[in-house]
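Asker: Take a look at the following structure, please.
The values are calculated or read from the model by the stated rules, or taken from the named source; none is laboratory data. Being a predicted model, the structure only gives us computed values, none of them experimental. Cβ: placed from backbone, ideal geometry, glycine included. Neighbour counts: every protein chain shown.
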Amino acid sequence: MNRYETIYIIRPTVDEEGIKALQEKFKAIVEENGEIETIDDWGKRKLAYLIDDIGEGYYVYMKYKAAQVVPKELDRVFGITEEILRHMIIKIEE
């Protein structure tokens, strides 16, 4: 298993329940073939530049160990989830 870091930005219009539901959804994807080390809510922050005329977003950071299929599946799900503005998945070299 490899170690990964993922940061994703949720649209600011999503309510608290929606944010928790999205976090659980992505956590479940990782836990199918890996294990979560940490999940940090960074909260609402101003974006460096406008994305679809939106100036802020809700940031979430995940660090986990997982098989290679997990980042590919996360990338696919992030891409089709309308509430996600941006995401980034990085493999940690040891």
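Asker: Within the stretch 22-38, track down each residue that is surrounded by fewer than 13 Cβ atoms within 10 Å (Cβ to Cβ) and either part of a helix (DSSP H, G or I) or in contact (Cβ under 8 Å) with a residue 40 or more places away in the chain (or both).
Answerer: Those that are surrounded by fewer than 13 Cβ atoms within 10 Å (Cβ to Cβ) and either part of a helix (DSSP H, G or I) or in contact (Cβ under 8 Å) with a residue 40 or more places away in the chain (or both): Glu24, Lys25, Ala28, Glu32.
For every residue, the table says whether it meets (1) at pLDDT below 95; (2) more than 17 Å from Ile89 (Cα to Cα).
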site	(1), (2)
Glu5	no, no
Tyr8	no, no
Leu22	no, no
Gly34	yes, no
Lys46	no, yes
Leu50	yes, yes
Tyr58	no, no
Tyr61	no, no
Val69	yes, no
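Asker: Just for the stretch 1-21: of the residues that are of a type outside the set (Asp, Glu) and over 14 Å from the mean Cα position of the chain (by Cα), which one is surrounded by the fewest Cβ atoms within 10 Å (Cβ to Cβ)? Lay out the reasoning, then the answer.
Answerer: Pass one, the stretch 1-21, residues of a type outside the set (Asp, Glu): 1-4, 6-14, 18-21.
Adding the requirement that they be over 14 Å from the mean Cα position of the chain (by Cα) leaves 1-3, 12-14.
Numbers: Met1: 12, Asn2: 15, Arg3: 15, Pro12: 14, Thr13: 10, Val14: 17.
Per the criteria, the residue is Thr13.
Asker: Next up: How many residues are over 19 Å from Met1 (Cβ atoms), in a strand (DSSP E or B) and more than 13 Å from the chain's Cα centre (by Cα) if we restrict to the stretch 39-88?
Answerer: Of the residues in the stretch 39-88, 11 are over 19 Å from Met1 (Cβ atoms), in a strand (DSSP E or B) and more than 13 Å from the chain's Cα centre (by Cα).
Asker: Continuing with the same structure: Could you list, in sequence order, all residues of the stretch 24-44 that are of a type in the set (S, T, N, Q) and touching a Lys or Arg at 6+ places or on another chain (Cβ under 8 Å)?
Answerer: Thr38, the sole residue that qualifies.
Asker: Is it the case that the stretch 64-73 has a residue that's surrounded by fewer than 18 Cβ atoms within 10 Å (Cβ to Cβ), more than 15 Å from Lys25 (Cα to Cα), in contact (Cβ under 8 Å) with a residue 60 or more places away in the chain and touching a helix residue (DSSP H, G or I) at 6+ places or on another chain (Cβ under 6 Å)?
Answerer: no
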